[in-house]
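Here is the structure we will look at, set down as structure tokens.
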Amino acid sequence: MTKSNKTKPEIARRIRELPEYLFAGIDRKKAEALAKGVVLIDLSIGDPDQPTPSNIIRAMKLAVEDPANHGYPPYEGTNSFREAVATWYKTRFGIELDPVKEVLVLTGSKEGIAHIPMSFLNPGDLSLVPDPGYPVYNVGTRLAGGGSYYLPLSRENGFLPDLEKIPARAAKRAKLLFLNYPNNPTAAVAGKEFFGEAVKFAEKYRILICHDAAYSEVYYDDYLPPSFLEVEGAKEVGVEFHSLSKTFNMTGWRIGFVVGNAEAISALGKLKTNIDSGLFSAVQVAGIEALNGDRTVMEKIRAVYQERREVLVKGLKEAGLEIDPPKATFYLWIKVPSGYTSVGFVEHLLEAGGIVCTPGSGFGLAGEGYIRMALTKDKDRLNEAVARIKKIGF
Ligand SMILES: *Cc1c(COP(=O)(O)O)cnc(C)c1O
């Protein structure tokens, strides 16, 4: 097909065969509704609506003016940023990290998650990937020439994968196990007991665990998410990805980091030195301020989501929807009413109510039967969304 069209460049199979990035399809449907004049309430995307805290912006402004930050940054991250990560880890989780060998800065955690399969998979190898899950685990695996073996997450199992159900022939071919708690999209959390089981599984099959902890700081009430590295043996078999995006309203700044197993950090670092040339040092200065500056900043951000969670959970329950209040993350994972598919219910809310949500099935087959709403709009908009749902019914 591409051959016959001689005026266009021929695109590689690995790109042609990639699934469309989840939100591209939703964006198109939103545009159609907007064109019809619908006033939308968009609860579909996990991008914080609040600005980056001012202390972080101030740190960045000063750093931008400093010529010391204008050259190529060190590949692995500046020493001061990696030390700040180690300090934060010690304070937050009680874990010691070697800032030189066990910490690597990333251009947002998505970048590291997408790249790590290239450091560990040979063609034909597998990654064990949660379903539903963040799409990048599968995409990174495929770009590295590997395949995904999906681990279904269900409400009965608390949205934790049943590792014992993984057939030995799949486990033997697997090089990576992706986990993500607090979880996107299900908002589930995992305790140290589960992480301990995962470590044993990884030891048995020599698999590297990649724990995505993007939501470790978005939690409610008296729940405090643990680090995967808190369990014994974790650092021997795993790494943990962190993001400043959700924690500090910094999605646009592109800064994250990965910590843990020194060999794994070094293998990912070796790949990255051949692809990027590090992360703008001024952004890393801002990152230091975020991690170890004014700690009330994080509490204020959590308080905002907590209030929104109360509003939306209560309202949706009144409207008759089934929902477990999340202990962490800014997502609600909502069971679709009987008679609807995930996509059907999302379309109903969009077309009849102008409310944009994400179909659970967009995160994998096992997400069918759910939709995801994000708490990334203010209280008034959430109240308005509830009022609209009560009015249109289902
Ligand atoms: C948002 C998100 C990320 C990526 O965050 P970055 O902005 O790339 O740091 C990674 N994992 C999950 C599950 C996310 O929701």
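Of note:
- Taken about its Cα centre, segment 243-322 carries a charge dipole of about 60 debye when Lys and Arg each add +1 at the Cβ and Asp and Glu each add -1 at the Cβ.
- In plain terms, the bigger the Kirkwood radius, the slower the diffusion; for segment 1-138, with that radius from Cα pairs, at 37 °C and 0.692 mPa s, Stokes-Einstein puts D at 161 µm²/s.
- Counting only protein heavy atoms and a probe of 1.4 Å, the accessible surface of segment 348-394 is 51% carbon and sulfur.
- Overall form of the chain per C-alpha gyration tensor (a/c, 1.5; a/b vs b/c): rounded
- Sites ILE275 and SER338, calculated FRET efficiency, Cβ-Cβ separation with R0 45 Å, nearest 0.05: 0.40
- Largest accessible area first, the residues THR7, THR358, THR87 order themselves as THR7, THR87, THR358 under a 1.4 Å probe with ligands, DNA and RNA left out.
- The gain in end-to-end length when the GLU263 to SER154 segment is fully stretched comes to 35.9 nm, 0.36 nm per residue minus the alpha carbon separation.
- With 26 Å as the limit, the listed pairs LYS204/LYS272; LYS246/LYS272; LYS270/LYS300 have LYS204/LYS272; LYS270/LYS300 beyond it between alpha carbons.
- Heavy-atom accessible surface of segment 213-263: percent carbon and sulfur, 1.4 Å: 45 percent
- Top of LYS300, LYS379, LYS327 by mean-square fluctuation, Gaussian network on the chain, Cα under 10 Å: LYS300
- Loop trypsin sites (Lys or Arg not before Pro), segment 189-241, which have at most 15 other Cβ atoms in a 10 Å radius of their Cβ (DSSP): ARG206
- Solvent-accessible area per residue, Å², over segment 30-86 with all protein chains present [probe radius 1.4 Å]: 58 Å²
- On full extension, the segment bounded by ASP380 and SER80 gains 103.9 nm, given 0.36 nm per residue less the C-alpha separation.
- Ranked by the mean number of other Cβ atoms within 10 Å per residue, highest first, peptides 43-49, 9-15, 271-277 order as 43-49, 271-277, 9-15.
- Charge tally around PRO167: other residues with Cβ under 14 Å, Lys/Arg +1 each, Asp/Glu -1 each, net +3.
- For the chain, with +1 on Lys and Arg beta carbons and -1 on Asp and Glu, the positive-most of THR376, VAL304, PHE81 along the dipole: THR376
- This model, with +1 at the C-beta of Lys and Arg and -1 at the C-beta of Asp and Glu, gives the chain a dipole about its Cα centre of some 1120 debye.
- Based on protein heavy atoms only, segment 235-394 ends up with 37 Å² per residue of surface accessible to a 1.4 Å probe.
The values are calculated or read from the model by the stated rules, or taken from the named source; none is laboratory data. Remember, it's a predicted structure, so these values are computed and weren't measured experimentally. Because the Cβ atoms are built from the backbone with ideal geometry, glycine has one as well, and the counts that use them run over all protein chains shown. Accessible surface is based on the protein model in full, side chains and every heavy atom, while ligands, DNA and RNA are left aside. Shrake-Rupley method; radii C 1.70, N 1.55, O 1.52, S 1.80 Å.
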